[in-house]
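This report refers to the structure that appears directly beneath it.
The values are calculated or read from the model by the stated rules, or taken from the named source; none is laboratory data. Predicted model only: the values in this text are computed from it and were never measured. Here the Cβ positions follow ideal geometry from the backbone for every residue, glycine too, while neighbour counts run over all protein chains shown. When the accessible area is computed, the model is the full protein with side chains, heavy atoms only, and any ligands, DNA or RNA have been set aside. Shrake-Rupley method; radii C 1.70, N 1.55, O 1.52, S 1.80 Å.
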Amino acid sequence: FPFGGTVQGVPAKAKNKVGAAELIKFFFMTEKGSEIMRDQKGNFSPYKPVYDIPNFYSHKDEHFAGQDVMAVFDTDIFPKIKSVRLPSKYDQDIDDAMNVAMQTINASEGGSVSVDELVQKMQDDIMTKQPDIKA
């Protein structure tokens, strides 16, 4: 089950293993690398010191009507996370249902899909695969 996150590695047959390792360290273990990942990819960094920099993740997002979505994650969501949830036997089926829903939305003409019908279809699909879940 693809639970998210990032995995980086250097292939055994890489021509420049040291350079590749240094590049990974730069992007994931420096402030400058964190800035580039934030600005170019919209990614949050695993480099903890950047979270102590006021407004490091403040950026108005044109795709969200100019709202500062990154700041909400940085100031309102991340500090409240107490621990990481372990994967469950339901995760893959839930992920599959979400992917079908996204494909349905993307294939719908002008986004004319019914949210209620889409949610019901997701619920039905999950319940069929996992009958022990109670709605």
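Being open to solvent by less than 80 Å² (accessible area, probe 1.4 Å), farther than 30 Å from Asp96 by Cα and part of a helix (DSSP H, G or I): is that true of Glu35 here? In short, yes. The conditions of being part of a helix (DSSP H, G or I) and open to solvent by 100 Å² or more (accessible area, probe 1.4 Å) are met by Val18. Candidates are the residues of the range 39-78 that are charged (D, E, K, R) and open to solvent by less than 50 Å² (accessible area, probe 1.4 Å); the one that is nearest to the chain's Cα centre (by Cα) is Asp74. A search for C-beta distances below 8 Å between a residue of the range 113-135 that is in contact (Cβ under 8 Å) with a residue 40 or more places away in the chain and any residue that is assigned to a loop (DSSP other than H, G, I, E, B), counting only pairs 6+ apart in sequence or on different chains, returns Gln130/Lys89; Gln130/Tyr90; Ile133/Tyr90. Against the condition assigned to a helix (DSSP H, G or I) and open to solvent by less than 80 Å² (accessible area, probe 1.4 Å), how does Phe26 come out, does it pass? Against the criterion (assigned to a helix (DSSP H, G or I) and open to solvent by less than 80 Å² (accessible area, probe 1.4 Å)), Phe26 qualifies. Among the residues of the range 81-118, which ones are at negative phi and small (Gly, Ala, Ser)? Residues satisfying the conditions are Ser83, Ser88, Ala97, Ala101, Ala107, Ser108, Ser112, Ser114.
Among the conditions (1) open to solvent by 50 Å² or more (accessible area, probe 1.4 Å); (2) over 30 Å from Val50 (Cβ atoms); (3) among the acidic types (Asp, Glu), Asp93 misses just one, which is (1).
Scanning the range 117-135 for residues that are assigned to a helix (DSSP H, G or I) and either open to solvent by 100 Å² or more (accessible area, probe 1.4 Å) or closer than 17 Å to Thr104 by Cβ (or both) turns up Glu117, Leu118, Val119, Gln120, Lys121, Met122, Gln123, Asp124, Asp125, Ile126, Thr128, Lys129.
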